[in-house]
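Remarks on the structure that follows.
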Amino acid sequence: MKRFHYFSGITISLFIGIHLFNHFLSIFSPELHIEKMGVLRVIYRNPFSELIILLAVIVQITTGMQLFFKTKKVKATLFEKIQIYSGLYLAFFLLIHVSAILFGRYLLDLDTNFYFGIAGLNTFPHLLFFLPYYSLAVFAFFGHIASIHALKMKKKLGGLTPHQQAFILLILGVLLGITILLGLTNFGEGYLIPKEYNILIDK
């Protein structure tokens with residue numbers, strides 16, 4: 001079960017890395033984000049890749065929950081706690097996010113592009129949910145990677161202990177999450193949402 005969880009995690013991490021890079025480009029312009037998304041979709045939006053990603057998500061969530069209920073530690077270290085709780089949030093996020101994308105594509109017949117993702121982030125009161133929803137997802141992703149690094153890494157790098165390296169990963173995750181949110185909200189100014197996406201925000 002741990003092996004399945006490990007390999008599904010690597011698969012999902014590769015996709016998330018591409019996805020976060022795409023979102024990072026939003027700090028320059030929505031047009032650049034959408035343009036590069038079109039290029040990146042060649043990699044991940046084809047029947048073979050989508051099937052692999054969807055299976056990896058299912059395996060990651062099911063094995064993660066099984067490991068959570070199976071592993072019970074009375075005294076967990078800081079990074080063990082981060083691994084557990086970040087994993088739980090990622091399971092919640094992946095379940096909701098993947099379901100929303102499939103619902104938008106196949107039932108609402110929408111292009112799940114930049115504007116599909118930011119509709120809730122740029123309207124009130126929806127942003128009260130979507131701001132923590134998205135930011136915690138980025139923090140949890142880096143927190144999960146950082147905790148695994150801290151627990152598995154045995155060597156110093158550049159004079160830094162594994163725990164120090166893990167804290168750097170956490171800081172980078174927080175900074176990237178903030179940067180992405182600034183890009184997705186036009187640095188707090190907000191974006192005008194195209195009318196076809198108003199169905200997402202009840203306008």
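Against the conditions (1) within 29 Å of residue 166 (Cβ to Cβ); (2) modelled with pLDDT of 95 or more, where does residue 69 fall short? Just the number, please.
(2)
Yes or no: segment 181-197 includes at least one residue that is polar (S, T, N, Q) and either farther than 30 Å from residue 108 by Cα or touching a His at 6+ places or on another chain (Cβ under 6 Å) (or both).
no
Which pairs turn up if I take residues in segment 140-168 that are without any contact (Cβ under 8 Å) to a residue 40 or more places away in the chain and within 14 Å of residue 78 (Cα to Cα) and look for partners that are part of a helix (DSSP H, G or I) and not polar (S, T, N, Q) with beta carbon separation below 6 Å, at least 6 apart in sequence or on another chain?
From residues that are without any contact (Cβ under 8 Å) to a residue 40 or more places away in the chain and within 14 Å of residue 78 (Cα to Cα), the pairs are 149/166; 162/150.
Mind checking whether some residue in segment 23-39 is at pLDDT 95 or above, of a type in the set (A, V, I, L, M, F, W, C), within 17 Å of residue 118 (Cα to Cα) and exposed (fewer than 13 other Cβ atoms within 10 Å of the Cβ)?
Yes, that holds for at least one residue.
How do the helices (runs of 4 or more DSSP H) wholly within segment 60-164 filter down when requiring 1 or more residues that are of a type in the set (Ser, Thr, Tyr) and loosely packed, with under 13 Cβ neighbours inside 10 Å: which remain?
78-106
Would you mind stating whether residue 50 is of a type in the set (Asp, Glu), in a helix (DSSP H, G or I), modelled with pLDDT of 95 or more and within 19 Å of the chain's Cα centre (by Cα)?
yes
Pick from 192, 160, 127, 181: which is over 20 Å from the mean Cα position of the chain (by Cα) and under 21 Å from residue 27 (Cα atoms)?
192
Can we say residue 171 is part of a helix (DSSP H, G or I), modelled with pLDDT of 95 or more and surrounded by fewer than 18 Cβ atoms within 10 Å (Cβ to Cβ)?
It is true that residue 171 is part of a helix (DSSP H, G or I), modelled with pLDDT of 95 or more and surrounded by fewer than 18 Cβ atoms within 10 Å (Cβ to Cβ).
The values are calculated or read from the model by the stated rules, or taken from the named source; none is laboratory data. Values in this document were obtained by computation on a predicted structure and should not be read as measured data. Cβ coordinates were reconstructed from backbone atoms using ideal geometry, including for glycine residues, and neighbour counts include every protein chain displayed.
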